[in-house]
Amino acid sequence: MLEQYRTVRSSGSKEIVIRKSRFIGHVMPVETEEEAVQFIEDIKKKHWDATHNCSAYMIGERDEIQKQSDDGEPSGTAGKPILEVIRSQGIKNAAIVVTRYFGGILLGAGGLIRAYTDGAVLALEAGEVITRVLHREVFVELDYTWLGKVENELRGRGIKTGETEFTDKVKLTCLPRNEEADAFKAWITDLTQGQSVVTEGRQLYYSEGE
């Protein structure tokens, strides 16, 4: 799994008018090709009266799936520049559709490429580009006498935490960055003077700032 990657937080859309043509950039985070295809179809149904609904998507840790469509625009003037925006910004697991309502003025190949590029950039702005960072669950079981000290230290170090279970002992769910998990386990063991039981759980992605 990647230690971190860039994607979009949510679906969104923004519009720009270029020489009387309306260009509406739509974006959606997707995990599978089926989700991307469905998103594109949904936009086409919503904007059934548009002149074109051009699209591109990139999916997979290594960008294994990359598809684009000019949807009737001259070859290479729409889908390719949309895909290039996704690629150049290092975005993963996202689909973009740029809808065009023709305004009566021809833009030429260069003008179309710039327009669809701008539409894709607007779409990413609407969806808000975020960085997803890989974390690892580390469960720390300890006596109640350690709770205050450990919680203060976790806050001081800015360690993300999850649920806390209270039984005869306390079980904290800590979420250090995956690459720092081993060092974290050694640190928490030293902090509690070896009086805690430390185990690992799942690897999970969180957005920066969550």
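The values are calculated or read from the model by the stated rules, or taken from the named source; none is laboratory data. All figures in this text were calculated on a predicted structure; none of them were measured in a lab. All Cβ positions, even for glycine, are placed from backbone atoms using ideal geometry, and neighbour counts span all protein chains on display. Surface areas here come from the heavy atoms of the whole protein model, side chains and all, with no ligands, DNA or RNA. Shrake-Rupley method; radii C 1.70, N 1.55, O 1.52, S 1.80 Å.
Give, to the nearest whole percent, the P(r) tail of the range 137-201 beyond 14 angstrom, counting all Cα pairs.
51 percent
When you count, for each residue, the other Cβ atoms within 10 Å and take the mean per peptide, how do 193-203, 54-64, 173-183 rank with the highest first?
Per-residue Cβ counts within 10 Å, averaged per peptide and sorted highest first, yield 54-64, 173-183, 193-203.
Against the globular-protein guess of 2.2 N^0.38 Å, express the Cα radius of gyration of the range 85-210 as a ratio, rounded to two decimals.
Numbers: Rg = 23.5 Å, N = 126, 2.2 N^0.38 = 13.8 Å.
Dividing the Cα Rg of the range 85-210 by 2.2 N^0.38 Å gives 1.70.
For the pairs K20/K46; K149/K185; K92/K149; K20/K45, flag any whose C-alpha to C-alpha distance is greater than 28 Å.
Values: K20/K46 21 Å; K149/K185 16 Å; K92/K149 40 Å; K20/K45 23 Å.
Result: K92/K149 exceed 28 Å.
For the range 28-86 and the range 89-103, what is the separation of their C-alpha centers, rounded to whole Å?
When both Cα centres are located, 6 Å separates them.
In whole percent, how big is the carbon plus sulfur part of the accessible area of the range 26-96, probe 1.4 Å, protein atoms only?
49 percent
Note down the net charge around E33, summing +1 for each Lys or Arg and -1 for each Asp or Glu among other residues with Cβ under 11 Å from its Cβ.
Summing Lys/Arg as +1 and Asp/Glu as -1 gives -3.
How high is the relative contact order of the chain, in percent, with contacts defined as C-alpha pairs under 8 Å that are six or more residues apart?
24 percent
Quick one: in the chain, what % of C-alpha pairs are over 29 Å apart?
For the chain, the share of Cα pairs beyond 29 Å comes to 43 percent.
Which whole-number percent gives the relative contact order of the range 125-195, counting Cα pairs below 8 Å spaced six or more residues apart?
Here the relative contact order equals 39 percent.
More than 15 Å apart: what percent of Cα pairs in the range 26-74 qualify?
Looking at the range 26-74, the distances longer than 15 Å represent 45 percent of pairs.
So what's the Cα pair-distance distribution over the range 167-210, bin width 5 Å, in %?
Per 5 Å bin, starting at 0, the Cα pair percentages come out as 5, 18, 27, 24, 15, 9, 3.
Taking 0.36 nm per intervening residue step and subtracting the Cα-Cα distance, what contour gain separates E33 from Y101 on full extension?
21.8 nm
I'd like to know how the range 96-139 sits against the 2.2 N^0.38 Å rule of thumb: what's its Cα Rg over that expected value? Provide the component values of the computation, followed by the final result.
On the way: Rg = 17.8 Å, N = 44, 2.2 N^0.38 = 9.3 Å.
Taking the Cα Rg and dividing by 2.2 N^0.38 Å, one obtains 1.92.
Tell me the Kirkwood radius of the range 1-114: reciprocal of the mean inverse pair distance over distinct alpha-carbon atoms, in Å.
This gives a value of 14.3 Å.
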